[in-house]
């Protein structure tokens, strides 16, 4: 043999390329043979020895050849007998593992999106609820808006509503159901800060605020829906730096514009939901953080003015200022109170 004679054919120019061409011809001939026999997609998968590479099926270079085979095979079958490549993978690995593999292969968007689209079509035929589909797709919450399949899920919701109008819900209702209101607000707020997702985030937020407004939700209702009423139990220091609060403020502003007779403020809402002692804690904590210091000072001024308006004696508000260990707020209030009664 060539090996015994010490000849390495791979060192001869053009041999490696020739082997690739020959291998491709043999592979194509074999596929044509299987196609003529109408060998099932599952059997060809086995014959091609397709296995995941480091857990990622799409890293196997033969997977695209197999997907093409499935497409060609389906062209020879009546529509009712067609089986998608995605359904074969789901049968072999289960929906959750397929989702994990596809999410790990997002750099190959053409193949990933093709398979995900097939899965969505299969699930639609089965009448699967958008909520269940969302979780089967195994989206990562922190980058859901960056996942190209997310837009396909939104379209799935739309198609589901057309096909099953009695069961349908809006995109935002389904997203809220899948993530929860607070997590959804976090996703949309984070999306505003990323140039790649700013447009879709703004569009979804606009739809959401419009729907909440149409349902008659007040800013106080939404404050509770977003989990802002019990963000940290009795101690509420971090709330002013909570990104969800910014999201809520935009709803409040929109509500105030549409309902001037029912206007509310950040201060009024915080005071109503937390009370004076917790509000002082919030202000003290926020004044120590540069990015919330200005907001904290504004709230402090409003709180002191409210006490003055209610004619509270300094000794009456001392217990509310329990969290102000420096005594600064009580000192300010005492000065303002004494100046008022002169």
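The values are calculated or read from the model by the stated rules, or taken from the named source; none is laboratory data. What you see is a predicted model, and the numbers here were worked out from it, not measured in a lab. Methodologically, a virtual Cβ is constructed for each residue, glycine included, from the backbone with ideal geometry; neighbour enumeration extends over all protein chains shown.
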* To do: Return yes or no: is residue 124 in a loop (DSSP other than H, G, I, E, B) and either free of Cβ contacts under 8 Å to residues at least 12 places away in the same chain or over 22 Å from residue 57 (Cβ atoms) (or both)?
  => no
* **The listed residue being touching a helix residue (DSSP H, G or I) at 6+ places or on another chain (Cβ under 7 Å), assigned to a loop (DSSP other than H, G, I, E, B) and either at pLDDT 95 or above or not assigned by the TED database to the domain that holds residue 281 (or both), out of 195, 227, 191** => 227
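Is it the case that some residue within segment 62-80 is under 15 Å from residue 156 (Cβ atoms), in contact (Cβ under 8 Å) with a residue 24 or more places away in the chain and crowded, with 16+ Cβ neighbours inside 10 Å? It would help to see each step written out before you state the result.
To start, the set of residues in segment 62-80 that are under 15 Å from residue 156 (Cβ atoms) comprises none.
No: zero hits.
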* Asked: So residue 138 fits all but one of (1) over 21 Å from residue 203 (Cβ atoms); (2) outside any loop (DSSP other than H, G, I, E, B); (3) in contact (Cβ under 8 Å) with a residue 40 or more places away in the chain; what number is the exception?
  -> (2)
* Asked: Since residue 148 meets every condition but one in (1) closer than 27 Å to residue 66 by Cα; (2) more than 15 Å from the chain's Cα centre (by Cα); (3) at pLDDT below 90; (4) surrounded by fewer than 14 Cβ atoms within 10 Å (Cβ to Cβ), which condition does it not meet?
  -> (2)
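Could you look through segment 276-297, keep only residues that are loosely packed, with under 14 Cβ neighbours inside 10 Å and touching a helix residue (DSSP H, G or I) at 6+ places or on another chain (Cβ under 9 Å), and pick out the one that is farthest from residue 325 (Cα to Cα)? So that I can check it myself, show each step before the final result.
So the first thing to find is which residues in segment 276-297 are loosely packed, with under 14 Cβ neighbours inside 10 Å, and the list is 288, 290-291, 293-294, 297.
Still in the list and also touching a helix residue (DSSP H, G or I) at 6+ places or on another chain (Cβ under 9 Å): 288, 291, 293, 297.
Details: 288: 13, 291: 22, 293: 17, 297: 17 Å.
This residue is 291.
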* **segment 95-121, residues that are surrounded by fewer than 16 Cβ atoms within 10 Å (Cβ to Cβ) and modelled with pLDDT of 90 or more** => 121
* Structure fact -> Among the residues of segment 252-275, the number that are under 30 Å from residue 321 (Cα atoms) and surrounded by 16 or more Cβ atoms within 10 Å (Cβ to Cβ) is 9
* Within the bounds of segment 279-296, is there any residue that is over 24 Å from residue 189 (Cβ atoms) and either without any contact (Cβ under 8 Å) to a residue 24 or more places away in the chain or not in a helix (DSSP H, G or I) (or both)? -> no
